[in-house]
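Student: Have a look at the structure that comes next, please.
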Amino acid sequence: MTLKDKTTVTFYNGLTTIGGPMIEVAYNDSHILFDLGEVYRPELGLKLEDEDFETLIKYQLIGDVPDFYDEKVTGKKIDTDRWKHSAAYISHLHLDHSKALNLLDPSIPLYAGPNTAYMLPALNEHGDFLLPAAGHDKTYTRDIIAAEYKKPIEVGEITMEIWPSDHDAYGATGLIVKTPDKKIAFTGDIRLHGYHPDWVHEWLQAAKGSDMFIIEGTGVSWPERKQESSEEFTGPKNENELTEEIIRLQNANPKRQITFNTYPTNVERLLRIISDSPRKVVLHAKRAHLLKQSLNKDFPFYYLPGEAKFDDLKPELEVSYDDLIADDHQYLWQAVANYDQLQEGGLYIHSNAEPLGDFDPAYKPFVEQFAQRGIEYLALRCSGHADEAELKEIISEVQPKLLVPVHTLHPELEENPYGKRILPERGQIVTL
Ligand SMILES: [Zn+2]
């Protein structure tokens with residue numbers, strides 16, 4: 001229940017988990033919801049087809065949010081007498097912020113930054129990315145409105161502004177919400193060590209003095225790791241250093257096979273590697289197809305033996321797999337399989353690609369296969385999230401009246417020297 005003539009904020013999910021924030025802002029007969037992701041809990045062993053609405057609610061993978069989900073999914077009608085104006089927003093395309101977007105009622109507009117809006121349908125082309133929409137084929141992705149950055153979107157008495165931000169998901173954004181008497185800002189996922197700290201600072205300025213500042217806190221989730229990481233960490237400190245290291249490795253190894261892989265949704269890192277590399281960068285056809293579908297960009301590509309062809313890739317850009325396997329100087333290419341065919345003495349750069357890390361049982365055998373083959377395995381990582389110091393800096397730029405840390409295992413580790421802080425429980429309504 002929400003109060004009329006007051007701004008209320010209800011925290012439905014994603015508070016003490018990494019990901020899955022679902023938060024509603026309401027004022028009179030207007031309300032908005034952000035984000036529409038699913039908490040990632042691989043230990044449950046659920047397959048996409050097991051994830052019906054009851055299961056998602058039972059395991060708290062999504063919030064039990066009234067009056068936003070499709071009636072065909074919940075069996076409950078939306079109260080259109082109570083709510084005259086509704087909209088939803090997703091901050092970026094990571095699954096813990098987007099996977100449940102097809103559950104949103106088709107009559108409610110969903111907004112996102114343009115890159116997020118264009119890439120999600122391409123990522124879900126095979127129906128294996130998002131949860132399915134009721135009454136549609138699993139490859140369907142509901143309409144996502146590509147919002148113009150910073151331009152107010154009116155939802156009855158509430159306005160939303162979508163600002164470009166920085167995270168390891170291409171086109172990540174932050175949100176500023178204004179009701180007739182309050183200003184609320186939501187970071188989505190955020191960092192200051194990516195390619196666009198200037199964009200982040202600009203939106204933090206716009207968020208300055210917010211009545212409520214909802215901030216992610218992934219970077220303070222593992223305080224026990226702080227000590228070891230500061231002592232042992234020698235890798236790149238930011239995205240620019242990471243790209244520079246990949247360039248340096250090519251220059252330092254003029255006669256050596258060099259392959260790499262990155263995460264599909266970290267498009268910007270890949271675009272930088274392509275543009276800055278002295279070698280010609282060749283992508284696996286599936287990745288080239290994703291970039292063609294979502295950005296309409298063409299890059300050199302290859303097929304593994306026997307793979308089906310994509311009809312949107314330009315044949316003149318194809319490089320033969322045999323040429324790549326035999327090459328030791330011309331190409332930097334994306335290796336995704338058949339690692340046993342790579343050259344002994346070569347270098348493979350694993351840059352936040354899958355398997356992502358030690359927590360995945362597939363990681364150790366993946367790494368070991370390179371050593372067995374005499375190939376150097378190099379993990380070059382850069383986090384998508386602000387660390388403790390960056391979170392402090394972000395909070396100091398906004399100086400909020402009320403701070404609400406979410407999306408973290410330890411919300412109590414984020415403090416607000418400029419005002420109050422609350423650590424809401426799931427389902428808690430905060431009246432501003
Ligand atoms: Zn994210």
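The values are calculated or read from the model by the stated rules, or taken from the named source; none is laboratory data. Source: prediction; values computed, not measured. Note: ideal-geometry Cβ built from the backbone for every residue, glycine included; neighbour counts use all protein chains shown. When the accessible area is computed, the model is the full protein with side chains, heavy atoms only, and any ligands, DNA or RNA have been set aside. Shrake-Rupley method; radii C 1.70, N 1.55, O 1.52, S 1.80 Å.
Student: Is at least one residue of segment 387-399 among the basic types (Lys, Arg), in the same structural domain as residue 300 (by TED's automatic domain parsing) and part of a helix (DSSP H, G or I)?
Tutor: The initial filter retains those residues of segment 387-399 that are among the basic types (Lys, Arg), namely 392.
Among the residues that remain, those that are also in the same structural domain as residue 300 (by TED's automatic domain parsing) are: none.
No.
Student: Any residue that is on the phi > 0 side of the Ramachandran plot and surrounded by fewer than 19 Cβ atoms within 10 Å (Cβ to Cβ) - is there at least one of those in segment 152-159? Spell out how you get there, then give the answer.
Tutor: Taking segment 152-159 and keeping what is on the phi > 0 side of the Ramachandran plot, we get 156.
Then drop every residue that is not surrounded by fewer than 19 Cβ atoms within 10 Å (Cβ to Cβ), which leaves 156.
Looking for residues that are on the phi > 0 side of the Ramachandran plot and surrounded by fewer than 19 Cβ atoms within 10 Å (Cβ to Cβ), one finds at least one in segment 152-159, hence yes.
Student: Quick one: which of 181, 168, 128 is within 16 Å of the ligand (Cβ to nearest atom), in the same structural domain as residue 48 (by TED's automatic domain parsing), open to solvent by 10 Å² or more (accessible area, probe 1.4 Å) and among the charged types (D, E, K, R)? Reasoning before the result, please.
Tutor: Working: 181 fails: within 16 Å of the ligand (Cβ to nearest atom); 128 fails: within 16 Å of the ligand (Cβ to nearest atom).
Result: 168 is the single residue among 181, 168, 128 that is within 16 Å of the ligand (Cβ to nearest atom), in the same structural domain as residue 48 (by TED's automatic domain parsing), open to solvent by 10 Å² or more (accessible area, probe 1.4 Å) and among the charged types (D, E, K, R).
Student: Can you pull out every residue in segment 75-122 that is in contact with a helix residue (DSSP H, G or I) (Cβ under 8 Å, 6 or more places away or on another chain) and of a type in the set (S, T, N, Q)?
Tutor: The answer is 91, 98, 115, 116.
Student: Quick test for you: out of 37, 75, pick the one residue that is within 16 Å of the ligand (Cβ to nearest atom) and either of a type outside the set (A, V, I, L, M, F, W, C) or within 25 Å of residue 122 (Cα to Cα) (or both).
Tutor: Just one listed residue meets the conditions, 37.
Student: While we're here: Looking only at segment 344-381, count every residue that is assigned to a strand (DSSP E or B), farther than 21 Å from residue 237 by Cβ and not hydroxyl-bearing (Ser, Thr, Tyr) and tell me the total. Don't jump to the end; show me each part of the working.
Tutor: The first filter runs over segment 344-381 and keeps only residues assigned to a strand (DSSP E or B), leaving 347-351, 376-379.
With farther than 21 Å from residue 237 by Cβ added as a condition, the list becomes 347-348, 376-377.
The next check asks that each one be not hydroxyl-bearing (Ser, Thr, Tyr); those that pass are 347, 376.
Residues meeting the conditions: 2.
Student: Determine whether segment 365-372 contains at least one residue that is touching a residue at least 24 places away in the same chain (Cβ under 8 Å), of a type outside the set (Phe, Trp, Tyr) and not assigned by TED's automatic domain parsing to the domain that holds residue 211. Spell out the reasoning first.
Tutor: Our first condition is that a residue be touching a residue at least 24 places away in the same chain (Cβ under 8 Å); within segment 365-372, this holds for 369-370.
Those left that are additionally of a type outside the set (Phe, Trp, Tyr): 369.
From what's left, not assigned by TED's automatic domain parsing to the domain that holds residue 211: 369.
Checking segment 365-372: at least one residue is touching a residue at least 24 places away in the same chain (Cβ under 8 Å), of a type outside the set (Phe, Trp, Tyr) and not assigned by TED's automatic domain parsing to the domain that holds residue 211.
Student: If you don't mind, another one. Would you mind telling me which numbered condition in (1) open to solvent by 30 Å² or more (accessible area, probe 1.4 Å); (2) touching a residue at least 40 places away in the same chain (Cβ under 8 Å) residue 299 fails?
Tutor: Condition not satisfied by residue 299: (2).
Student: Mind telling me which of the residues 153, 176 ends up being of a type in the set (A, V, I, L, M, F, W, C) and closer than 18 Å to residue 398 by Cα? Break it down stepwise before answering.
Tutor: Numbers: 153 fails: closer than 18 Å to residue 398 by Cα.
It is 176.
Student: Taking the options 144, 162, 153, name whichever one is away from the ligand (no atom under 15 Å from the Cβ), at pLDDT 95 or above and more than 25 Å from residue 62 (Cα to Cα). It would help to see each step written out before you state the result.
Tutor: Numbers: 144 fails: more than 25 Å from residue 62 (Cα to Cα); 162 fails: more than 25 Å from residue 62 (Cα to Cα).
Going through 144, 162, 153 in turn, just one is away from the ligand (no atom under 15 Å from the Cβ), at pLDDT 95 or above and more than 25 Å from residue 62 (Cα to Cα): 153.
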